[in-house]
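Below you'll find the structure, written out as structure tokens, and then a few comments.
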Amino acid sequence: MRSRSGTRPTEDSRGLHVQPVTRSDLQPPEPRASHCNGDSVGAEEEEEEEEERRYQLYPGHIPTSPLQKALLAAGSAVMALCDPYRHDMVAVLGETTGCLALPNLRDKMKHHPEGHRILQERPRIRLSTLDMARLRGLPDGSLGREYVRFLENNKVSPDTRMPPKFVDDEELAYVIQRYREVHDLMHTLLGMPTNMLGEVVVKWFEAIQTGLPMCVLGAAFGPVRLSARKLQVLATELVPWAIRSGRNASCILNVYYEQRWEQPVESLREEIGIFPPPAIRV
Amino acid sequence: VYQVFESVAKKYDIMNDSMTLGIHRVWKDILMHKMNPSPGTLLLDVAGGTGDIAFRFINYVRSVRERQLQRKLKHHQNLSWQEISESYQEDKFKSLGDSQVVVCDINKEMLKVGKQKAQHLGYSEGLSWVLGNAEELPFDDDKFDVYTIAFGIRNVTRIDLALQEAYRVLKPGGRFLCLEFSHVSNPLLSRLYDLYSFQVIPVLGEVIAGDWKSYQYLVESIRRFPPQEELKAMIEDAGFLKVDYQNLNLGIVAIHSGFKL
């Protein structure tokens, strides 16, 4: 099987097999003169391939019909609930249900100077673009230092975010990608770890901020796996704070984080409008 | 094709059940009944990765063997206890009656899953697992009584070579059996089947196995595969005689059979 130049199957740290492969890679060579249903199918297939290449708006894009999207949304929602380790299902749910929220977010970005710049320059947050050593060297309390601390304490990496597959607009695909990559920064700004409780709190905040149905569902259903004590803390302190902050804050996608590593976290929080986190151990 | 099955191996069985709503089990049972193996049969199951056909073969042969033994016992009514217990000793170690199945697959991952299943389900004797390519089998000529390939021939690049190899390794009098997706001629069913295949199956692949592309490939490879009559001709070209096919579910699946005479 010939492989495409520049791409190779990769396995991310969560063990998900991410394989960038196109249809042409998967087609076995046909050495026999194809009597297969006559030549019309051969021509049909080529036409289909052409069409699909035309419809593939960005690398990794899988064009889907409305029916497929609906089935994917339902299936991924169920699977995400049954198996919380299927982060790819959460991602798929976000993509298939975001058709209203994503254009909304994109417009918010367009009408904001910093957001507009982000849309133009399309920065990506990943280990290869971040200078980890420099960020680690920044003073305590700065965004860069705290972000790296968060990554190390929780043993996560920005490179495990799923690339979008089912978003049928190239710019919106970037918007959702940006939202995913900024998620860890949300954790940092909100001071929430990556345990179940912390994730739910961040989801509440994101639900208010983005309006993505996936966040709303995650915020609503995430708590079902929490203990009663945690639920109490969640309901009485954390969620109200998350909602207040979410409402008060400006759009989190309109912040060019990569240009603000030196800025102290507290100052950035104030600027965006996030209230200081409650003094509770999560 | 190899990479497709590497990622697919672990979720293969779950996906099969979901995609066919469990009907693939019935298809495989029908194949086994058609084969009707007697104890002492040596079966080669090609592209048999996770062992579905092999396990069914063992079950079938075991039950045939049990009935054989029961019949033998009935005939022993007039023997002394001594003679009966002696014949028991003989048959005790032959619960399979010398039947054997060799599972051959080109993919290590599929074989691994198969071996694990065998252990889990308690199959130990009469089974061997061999890594090999259907186009170039690592076996001598005239070795096997039956050759099966269930849902595997579709993935072979040179089907004609696989058929030739099948002919080569079968004993004279041996039988070739192929279970594979085929063509539906009924127009209404065909449209429903296409709708299901193209709309639902890749979604199932994404949701259950996290792999849209492999299952999209699967559906497309089914469409590209030769229809019943054409496959029959190809099997005849390889030298098989008395070649015939049986449609299951109006042609969604077909069993092709041929003999080396």
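Applying the set (1) within 17 Å of the chain's Cα centre (by Cα); (2) under 22 Å from residue B:27 (Cβ atoms); (3) at pLDDT below 95 to residue B:115 leaves exactly one unmet item: (2). For region A:214-224, the count of residues that are among the small types (Gly, Ala, Ser), surrounded by 19 or more Cβ atoms within 10 Å (Cβ to Cβ) and within 25 Å of residue A:65 (Cβ to Cβ) is zero. Selection of region B:205-221 for residues being part of a helix (DSSP H, G or I) and either at the interface with chain A (Cβ under 9 Å from one of its Cβ atoms) or surrounded by fewer than 17 Cβ atoms within 10 Å (Cβ to Cβ) (or both) yields B:206, B:207, B:208, B:212, B:213, B:214, B:216, B:217, B:220, B:221. Taken over region B:168-187, residues that are at pLDDT 95 or above, surrounded by fewer than 19 Cβ atoms within 10 Å (Cβ to Cβ) and outside any strand (DSSP E or B) amount to 1.
Among the conditions (1) charged (D, E, K, R); (2) within 19 Å of the chain's Cα centre (by Cα); (3) within 12 Å of another protein chain (Cβ to nearest Cβ), the only one that residue B:224 does not satisfy is (2).
Of B:45, B:29, B:13, all but one fail to be part of a strand (DSSP E or B) and not aliphatic (A, V, I, L, M); the exception is B:45. Report yes if residue B:209 is modelled with pLDDT of 95 or more and small (Gly, Ala, Ser), otherwise no. Criteria not met by residue B:209. Checking each residue in region B:233-246 for being buried (at least 16 other Cβ atoms within 10 Å of the Cβ) and assigned to a helix (DSSP H, G or I) picks out B:234, B:235. Checking region B:193-215 against the condition returns a match, with at least one residue being over 23 Å from residue B:32 (Cα atoms) and touching a Pro at 6+ places or on another chain (Cβ under 7 Å). Among the candidates A:182, A:167, the residue that is β-branched (Val, Ile, Thr) and more than 27 Å from residue A:234 (Cα to Cα) is uniquely A:167. Meeting the requirement of 2 or more residues that are among the small types (Gly, Ala, Ser), the helices (runs of 4 or more DSSP H) wholly within region A:107-226 are A:132-137, A:196-210, A:213-221. Kindly list the number of the only condition in (1) within 8 Å of another protein chain (Cβ to nearest Cβ); (2) surrounded by fewer than 21 Cβ atoms within 10 Å (Cβ to Cβ); (3) outside any helix (DSSP H, G or I) that fails for residue B:230. So the condition that residue B:230 fails would be (3). Only residues that are loosely packed, with under 12 Cβ neighbours inside 10 Å and modelled with pLDDT of 90 or more were counted across region A:111-132, and they come to 5. Residues in region B:100-151 that are in a loop (DSSP other than H, G, I, E, B) and touching an Asp or Glu at 6+ places or on another chain (Cβ under 8 Å): B:107, B:132, B:134, B:135, B:137, B:151.
Among the residues of region B:10-48, just one is on the phi > 0 side of the Ramachandran plot and within 10 Å of the chain's Cα centre (by Cα), namely B:47. Could you tell me which residue of region A:89-110 is farthest from residue A:168 (Cα to Cα), considering only residues that are in contact with a helix residue (DSSP H, G or I) (Cβ under 9 Å, 6 or more places away or on another chain), without any contact (Cβ under 8 Å) to a residue 40 or more places away in the chain and away from chain B (no Cβ under 14 Å)? Here the residue is A:110. When region B:156-167 is filtered for residues that are in a helix (DSSP H, G or I) and within 12 Å of chain A (Cβ to nearest Cβ), the ones remaining, listed by number, are B:159, B:160, B:161. Condition (residue is within 14 Å of chain B (Cβ to nearest Cβ) and in contact (Cβ under 8 Å) with a residue 40 or more places away in the chain) applied to region A:131-142: is it met by at least one residue? Within region A:131-142, not a single residue is within 14 Å of chain B (Cβ to nearest Cβ) and in contact (Cβ under 8 Å) with a residue 40 or more places away in the chain.
Among the residues of this structure, residue B:199 counts as one that is within 14 Å of another protein chain (Cβ to nearest Cβ), in contact with a helix residue (DSSP H, G or I) (Cβ under 6 Å, 6 or more places away or on another chain) and surrounded by fewer than 19 Cβ atoms within 10 Å (Cβ to Cβ). Looking only at region B:168-210, residues that are closer than 30 Å to residue A:77 by Cβ and hydroxyl-bearing (Ser, Thr, Tyr) come to 3 in all. Considering B:7, B:18, B:38, B:63, the condition of being modelled with pLDDT under 80 and small (Gly, Ala, Ser) is satisfied by B:7 alone.
Does any residue of region B:132-155 turn out to be among the aliphatic types (A, V, I, L, M), farther than 29 Å from residue B:61 by Cα and within 14 Å of chain A (Cβ to nearest Cβ)? The answer is no, given that none of the residues of region B:132-155 is among the aliphatic types (A, V, I, L, M), farther than 29 Å from residue B:61 by Cα and within 14 Å of chain A (Cβ to nearest Cβ). For region A:141-151, the criterion of a residue being closer than 22 Å to residue A:270 by Cα and touching a His at 6+ places or on another chain (Cβ under 7 Å) is satisfied by at least one position.
The values are calculated or read from the model by the stated rules, or taken from the named source; none is laboratory data. Keep in mind that what you see is a predicted model, and the values were worked out from it rather than measured. Heads up, the Cβs are rebuilt from the backbone with ideal geometry, glycines too, and the neighbour counts pull from every protein chain shown.
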